[in-house]
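Scroll down for the structure; my scribbles are underneath it.
The values are calculated or read from the model by the stated rules, or taken from the named source; none is laboratory data. Keep in mind the model is a prediction, meaning the values are calculated, not measured. Note: ideal-geometry Cβ built from the backbone for every residue, glycine included; neighbour counts use all protein chains shown. To get the accessible areas, we keep the full protein, side chains included, count just its heavy atoms, and leave off ligands, DNA and RNA. Shrake-Rupley method; radii C 1.70, N 1.55, O 1.52, S 1.80 Å.
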Amino acid sequence: MNALADQVLRRGVGSSDVPGVVAAATNRHGLIYEGAYGKRAVGEPDDMTVDTVAWIASMTKPLTTTAAMQLVEQGRLDLDKPVSQWVPGLRSPQVLEGFDSDGKPRTRRATKAITLRHLLTHTSGFAYTMWSEDLLKYQQAAELPGITSCLDAALDLPLLYEPGERWEYGIGIDWVGKIVETVSGKKLGAYVHEHVLVPLGMNDTAFRISPAMRGRLAKVHQRGDDGGLAATQFEIPQEPEFEMGGGGLYSTAPDYLKFIRMILNRGQGEFGRVLRPETVDLMSRSHLGDLTVRKLRTAVPPVTNDAEFFPGMRKTWGLGFMINTEVAPTGRSAGSLAWAGLANTYFWIDPARGVGGVYLTQLFPFADHKSTPLFLEFEKAIYQSIAA
């Protein structure tokens, strides 16, 4: 289907220092490439297949955002009203100011209210501990669980700054998931299944791994200091206190392409309309004003490296997506939409060229020095093939 993409992936996964990979691409009409290379777990016999199930982590965020935007369309949510009316836990957010000589955190009450737009654009002031040494220190001092525990206490974090002050990647979309639950009266997974996944025909995507999905599940790997790989038992809790709207979904490459096609087709899914065209347009343009997406600097090196897409290029944020403001070295058009998941899963959507793709592997730390370049090589191969 695409000899160049096959060559890129075969060469990249042919070495023992890259775990199994599934990659696929689509245009507005249907599949244009899919391939799978390597093993679902290093040292084990099961081959990676195109229907292999992976933890897609923060690739969950655009689907949770889609759920919230459906409720905005219905007038049940408002982008610019304080979200405390839907989740009382955000009524009095605290801003972390520092620590005293004993290491005790010092906080103050935020002077601005958090809005849904703040949460969807990562300008609420919330962050992730893995990319903030101060927030990690707070989490340890307060003895809070990590976000992947899916315990409610994991969300009891302060802001790093006032809402609207700057872009800071964080747990805002997990709070959006709770807002969707409050307004819809349904668990997040049930709402997303009924109103997003079913109209898209995404039968292999869920917060809870079904028996059929588990039979095709890839293991998450850890890269060691020596560069070697070891399969782990990491898994998102299957009986969570809250379903993690910011990163709890499991999916497959073919399933995620159905979501990408919906965005390329301005809200139309295979089995029904998911969003209005004007809503997709709203989600696909910048909401940051003069703010920019910044480089993520690791506070937990085993989990993530420093991370930045296309260094030197200004990036902004829509509702659910990073937006590149210039043509990317891969061929991705300016104004394209993209993001990634912590275990080195990636996607992009290029409305100008009518193409998008997904790359799934299962590996810590994020922004892996082997896997991230392989994703970008794959993307470049897709653009070269459609240009030819």
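If R0 equals 56 Å, the separation of the Cβ atoms of H29 and S92 corresponds to a calculated FRET efficiency of about 0.65. An oblate overall shape is assigned to the stretch 1-144, the ratio a/c of its alpha-carbon gyration tensor axes (a ≥ b ≥ c) being 1.5 or greater and a/b not exceeding b/c. What the phi angles of the stretch 274-286 give under the Karplus curve with 6.51, -1.76 and 1.60, with θ = phi - 60°, is a coupling list of 9, 9, 5, x, 5, 6, 4, 4, 5, 5, 8, 10, 5 Hz, glycine and proline written as x. Working from label points 7 Å from Cα in the Cα-to-Cβ sense, the K186 to D46 distance is 2.9 nm.
Of all beta bridges that DSSP places with both ends in the chain, some 90 percent have antiparallel geometry. Inter-label distance, R273 to E194: 2.0 nm, where each label sits 7 Å from its Cα along the C-beta direction.
With a/c under 1.5 counting as rounded, go ahead and sort the stretch 233-388 into rounded, prolate or oblate using the C-alpha gyration tensor (a ≥ b ≥ c being the square roots of the eigenvalues; past the cut-off, prolate if a/b is larger than b/c, else oblate). Rounded shape, in that the Cα axes give a/c under 1.5. Can you give the angle from 0 to 90° between the axis of helix 61-73 and the longest principal axis of the chain, with both taken from C-alpha atoms, to the nearest 10? It is inclined by approximately 60 degrees. Once the chain from E165 to K112 is taken as fully extended at 0.36 nm per residue, the excess over their C-alpha distance is 18.1 nm.
In the stretch 162-318, the inverse of the mean reciprocal separation of distinct Cα atoms equals 18.3 Å; this is its Kirkwood hydrodynamic radius. Taking the alpha carbon gyration tensor of the stretch 194-282, multiplying each eigenvalue by 5 and rooting it gives semi-axes of 30, 16, 13 Å, largest first. The slack between D102 and R10, meaning 0.36 nm per residue of separation minus the straight C-alpha distance, is 27.8 nm.
Label zone (A334, point 7 Å along Cα-to-C-beta; backbone nitrogen cut-off 16 Å) within the stretch 248-287: 285-286. Here the calculated FRET efficiency for Q85 and A142, from their Cβ-Cβ distance with R0 = 30 Å, stands at 0.70, rounded to the nearest 0.05. Relative to the longest principal axis of the Cα atoms of the chain, the long axis of helix 253-264 lies at roughly 70 degrees.
Summary of packing: across the peptides 245-252, 201-208, 41-48, the per-residue average of other C-beta atoms within 10 Å ranks them, highest first, as 245-252, 201-208, 41-48. Accessible area per residue for the chain, computed on protein heavy atoms with a 1.4 Å probe, is 39 Å².
Judged by the mean number of other Cβ atoms found within 10 Å, the most tightly packed of the peptides 181-193, 339-351 leads the ranking 339-351, 181-193.
Rg over Rh for the stretch 283-348 works out to 0.97, both radii taken from alpha-carbon positions and Rh defined as the Kirkwood radius.
Taking 17 Å as the cut-off, the amide N atoms of the stretch 316-350 that come nearer than this to a point 7 Å along the Cα-to-beta-carbon line of K295 belong to 316. As a quick test, which of the pairs K104/K295; K137/K315; K39/K370; K178/K258; K219/K380; K61/K112 have an alpha carbon distance above 18 angstrom in this structure? Violating the 18 Å limit, Cα to Cα: K104/K295; K137/K315; K178/K258; K219/K380; K61/K112. Taking amide H atoms as placed 1.01 Å from N in the peptide plane, the amide H of I323 lies under 5 Å from those of T316, W317, G318, each 5 or more residues away in sequence or on another chain.
Annotation: average projected area of the chain is 18.3 square nanometres, based on the convex hull of Cα atoms across all directions. Between the Cα long axis of helix 371-387 and the first principal axis of the chain there is an angle of about 60°, rounded to the nearest 10. Ellipticity at 222 nm from helices only: DSSP H runs of n ≥ 4 in the chain, each -39500 (n - 2.57), divided by the residue count, give -7500 deg cm²/dmol. For the stretch 99-200, pairs of C-alpha atoms spaced more than 16 angstrom apart make up 63 percent of the total.
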